[in-house]
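Before any comments, here is the structure.
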Number of protein chains: 2
Amino acid sequence: MKHPVNQQDLSARLATSGFRFTPQRRCVYDVLLARRDHPTAEEIYSRAKKAMPEISHATVYNCLDALVSCRLVRQVQLERGAARFCPNMEEHCHYYCDKCGAVFDVALTEGATSVPRPKGFKVNYYEIAVHGLCTDCARNKSFA
Amino acid sequence: MKHPVNQQDLSARLATSGFRFTPQRRCVYDVLLARRDHPTAEEIYSRAKKAMPEISHATVYNCLDALVSCRLVRQVQLERGAARFCPNMEEHCHYYCDKCGAVFDVALTEGATSVPRPKGFKVNYYEIAVHGLCTDCARNKSFA
DNA sequence: GTCAATAATTAGAATTATTCTAAATCCAAC
DNA sequence: GTTGGATTTAGAATAATTCTAATTATTGAC
């Protein structure tokens, strides 16, 4: 199952971490799957509002935290300010354009990337962020 | 020069990115060098205030941004909320304990870690964050 | 050294991002 | 069907950062 798209699958996945299925969690997850542009909680809130006008900020954060806990979504902090969210759970790193703010997922080839593991530390997950200029911004550097 | 500790060196380094030397920048940099615990801007502010009681939040942010721009300091975002700052410019990644908040620098052995480089993207720097439980917290899991 | 131009600092306000609160609602299990 | 706990809601509260306008400091030209 790449992404749990039906209610049974999503509900089961949530349950593995002790969470209940709710229409709001479904909605927030759908918003993330629909457009993979690494939106902030605020952006997710306004997109979710189109389908569920009653949804609140607190609920969006609650849903995101639940989805992150059951490993359906990754939280990504690329800069000062708002966190971003990403439903791509394949091994990948994030390329972030410091000029235009674009985020690109780049797959990590199996075994090519090794992270040192000091003994004793229990690793949960890791996040690799590469900062710089995207192709477009690098080309138009002079017009900054 | 591992860290520019005297005024001439710090001034010269700031100048390479078009910044001026100021006592506030000296002070903020000294605060970071004095205690390598990856403090937030707020923590840096309160430590800096001991030496310069007049320093303001805006100045601390300005100083940090200048130091980051001229590559004397790294800004690190490990979680939702405040950014942290680190004067260690050796190649290293950050181990972050999601329970107690401790941050550990772990050196990246030369060549061992490779990050994929999509062509066109102009890399400035990259950041590797490993999340999990530190040795102490992993041991005391049951007392969470 | 003095001066002008510009960068940097300051206090505090403003904004942005996130969390908290208390009441209402929902769901699962008995 | 009742109970308990999880979840949602609106809105307040807090935390983190940025902005503003006035002042001060630093640099480079003279």
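Taking a ≥ b ≥ c as the square roots of the eigenvalues of the Cα gyration tensor of chain B, is the shape rounded (a/c under 1.5), prolate (a/b larger than b/c) or oblate? Note, shape of chain B comes out oblate. This model, with +1 at the C-beta of Lys and Arg and -1 at the C-beta of Asp and Glu, gives the protein assembly as shown a dipole about its Cα centre of some 100 debye. The stretch B:65-144 and the stretch A:60-100 have Cα centres separated by 16 Å. Taking every DSSP beta bridge that has both ends in the stretch B:23-144, the antiparallel portion is near 70%.
Taking A:PHE121, A:PHE85, A:PHE104 in turn, the Gaussian network model of chain A (Cα-Cα springs below 10 Å) assigns the largest fluctuation to A:PHE121.
The modelled label-to-label distance between B:TYR125 and A:SER17, using points 7 Å beyond Cα along the C-beta direction, is 3.0 nm. Structure remark: mean-square fluctuation, Gaussian network model of chain A, C-alpha springs under 10 Å; the largest value among A:TYR95, A:TYR125, A:TYR45 belongs to A:TYR125.
Quick one: if the Förster radius is 45 Å, what FRET efficiency do B:GLN8 and A:GLU42 give, using the C-beta to C-beta distance and rounding to 0.05? Spell out each step's value before the answer.
On the way: r = 45 Å, r/R0 = 1.01.
Efficiency computed from Cβ-Cβ geometry: 0.50.
Inter-copy label distances at B:ALA82, shortest first and taken from points set 7 Å along Cα to Cβ: 2.3 nm.
Remark: the stretch A:7-76 carries a charge dipole of roughly 160 debye about the Cα centre, counting +1 on each Lys and Arg Cβ and -1 on each Asp and Glu Cβ. Summing Cβ point charges (Lys, Arg +1; Asp, Glu -1) relative to the Cα centre of chain A gives a dipole of roughly 180 debye. Each eigenvalue of the Cα gyration tensor of the protein assembly as shown, multiplied by 5 and square-rooted, gives one semi-axis; in descending order these are 35, 22, 21 Å.
Within the listed set B:ARG13, B:ARG74, B:ARG117, the residue fluctuating most in the Gaussian network model of chain B (springs between alpha-carbon atoms under 10 angstrom) is B:ARG117. With its label point put 7 Å out from Cα toward Cβ, B:HIS57 sits 1.6 nm from the same residue's point in the other copies, in order from shortest.
Ordering B:GLN75, B:GLN7, B:LEU32 by the projection of their Cα atoms onto the charge dipole of the stretch B:7-76, which places +1 on the Cβ of Lys and Arg and -1 on the Cβ of Asp and Glu, puts B:GLN7 at the extreme positive end.
We did not get these values from a lab; they are worked out from the coordinates using the rules stated. Not measured: the values here are computed from a predicted model. Here Cβ is always computed from backbone atoms with ideal geometry, including for glycine, and neighbour counts include all displayed protein chains.
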